[in-house]
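The structure appears right after this line, and notes come after that.
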Amino acid sequence: MLYYECKGNETTLFKITQLTKPFSISLEGYIINDCNFSEITDEWRLLIEDVVKLYQEFLIGSLHSVYIRGSVAHGGCVKNQSDIDTFALIQNDIDKDLFLQLKQSRKKPLSEHPFVKGIEVKVFPYEQVIRQRGGISFTIKTQSICVYGDDISNKILPYGLNYEAVTHTFWLPRDISVAQKDLFNSEDEARIMEICSWIMKRLVRSGFEIYMGDARIYTRDLYQCWEIFSHYEPEYKDAMGQALMWAVYPSNKVDDITEYLDTFGTLLCDIIQIRCKMQ
């Protein structure tokens, strides 16, 4: 997708393409985890090792396993553009202050591996994950690689293209509200752009999720999500294209973002509600 933005006499060209292929679907209709550690390049592996060391340092005696997900796990990462998304399963509750220290410790690997845009660290209770359906259990089964500890993916039943595979759609109205509140309270340009990218990714993926069953495709790739939504809702192709553009090249203009969320964001929530009633 090519997107042109005009500012005065200057025109900027943004190019957004497909980065990863859709996940395979079995004959029974289940999502197959195609992620392969052997396809991760050495520089990203070194970064993964350093992030694992952070978890080991701050979660001594509690760390069960560490996983990566997202573009790094699925072979679509781009230097100087991609984040690395990681999470850990823990045996015991973690102190809030200790978790904040863990998040702050990301500065070291970020400085030592400048090609990564950001590092996400999260923790989840092992006992809760192993018993639940959906949520992080779905992520482990369908789109993650265990890089440390005991991989529990084989202990989780498979997931099909149904409501259990929905990770954003049901909560989109809440997420839009949270984003608008955070934008209103933020004056830091970097934080505004972070919020913009976060909520726009949710819009694009929510638009895809309501049609993934019809398309018989599961993907996290933003470009593919936009393509599939646009196929079923061609009237809103350009409107969703704006969300795609801001997901990859976020804006720092609060008024523009909030106006878009008030208009197309609200419209998308209405489309979701109608689709849910039909199913």
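Looking at region 196-212, can you tell me whether even one residue there is in contact with a Pro (Cβ under 6 Å, 6 or more places away or on another chain), assigned by TED's automatic domain parsing to the domain that holds Lys237, in a helix (DSSP H, G or I) and within 14 Å of Pro250 (Cα to Cα)? Let's see the steps before the verdict.
From region 196-212, those in contact with a Pro (Cβ under 6 Å, 6 or more places away or on another chain) are 196-197; that's our starting set.
Checking the rest, the ones that are also assigned by TED's automatic domain parsing to the domain that holds Lys237 come to 196-197.
Going one step further and asking which of them are in a helix (DSSP H, G or I), we end up with 196-197.
Of the ones still in play, those that are also within 14 Å of Pro250 (Cα to Cα) are 196-197.
Yes.
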Given the structure, is Thr17 under 23 Å from Val204 (Cβ atoms), at pLDDT below 90, among the β-branched types (Val, Ile, Thr) and out of contact with any helix residue (DSSP H, G or I) (no Cβ under 8 Å at 6 or more places or on another chain)?
no
Selected residue (only one of Leu261, Leu244 is within 18 Å of the chain's Cα centre (by Cα) and either assigned by TED's automatic domain parsing to the domain that holds Ser82 or assigned to a helix (DSSP H, G or I) (or both)):
Leu244
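Would you check if there is a residue in region 98-120 being under 16 Å from the mean Cα position of the chain (by Cα), of a type outside the set (Val, Ile, Thr) and more than 23 Å from Phe58 (Cα to Cα)?
Quick first cut of region 98-120, residues under 16 Å from the mean Cα position of the chain (by Cα) only: 116-120.
Filter again for of a type outside the set (Val, Ile, Thr), leaving 117-118, 120.
Next, only the ones that are more than 23 Å from Phe58 (Cα to Cα) stay: none.
No, region 98-120 contains no residue that is under 16 Å from the mean Cα position of the chain (by Cα), of a type outside the set (Val, Ile, Thr) and more than 23 Å from Phe58 (Cα to Cα).
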Going through region 191-206 in order, the residues found to be charged (D, E, K, R) and under 11 Å from the mean Cα position of the chain (by Cα) are Lys201, Arg202, Arg205
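Return the residue satisfying two criteria in turn: it lies in region 130-166 and is assigned to a helix (DSSP H, G or I) and aromatic (Phe, Trp, Tyr), and of such residues it is modelled with the highest pLDDT.
Ranking the qualifying residues of region 130-166, first place goes to Phe138.
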Options Met200, Met240: the member that is touching a Gly at 6+ places or on another chain (Cβ under 9 Å) and surrounded by 13 or more Cβ atoms within 10 Å (Cβ to Cβ):
Met240
Number of the condition not met by Leu172 [criteria: (1) more than 14 Å from the chain's Cα centre (by Cα); (2) part of a helix (DSSP H, G or I)]
(1)
For region 45-100, how many residues meet the condition of being within 19 Å of Arg220 (Cα to Cα), surrounded by fewer than 19 Cβ atoms within 10 Å (Cβ to Cβ) and among the β-branched types (Val, Ile, Thr)?
1
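The values are calculated or read from the model by the stated rules, or taken from the named source; none is laboratory data. In this text, all values refer to a predicted model and were calculated from it rather than measured experimentally. All Cβ positions, even for glycine, are placed from backbone atoms using ideal geometry, and neighbour counts span all protein chains on display.
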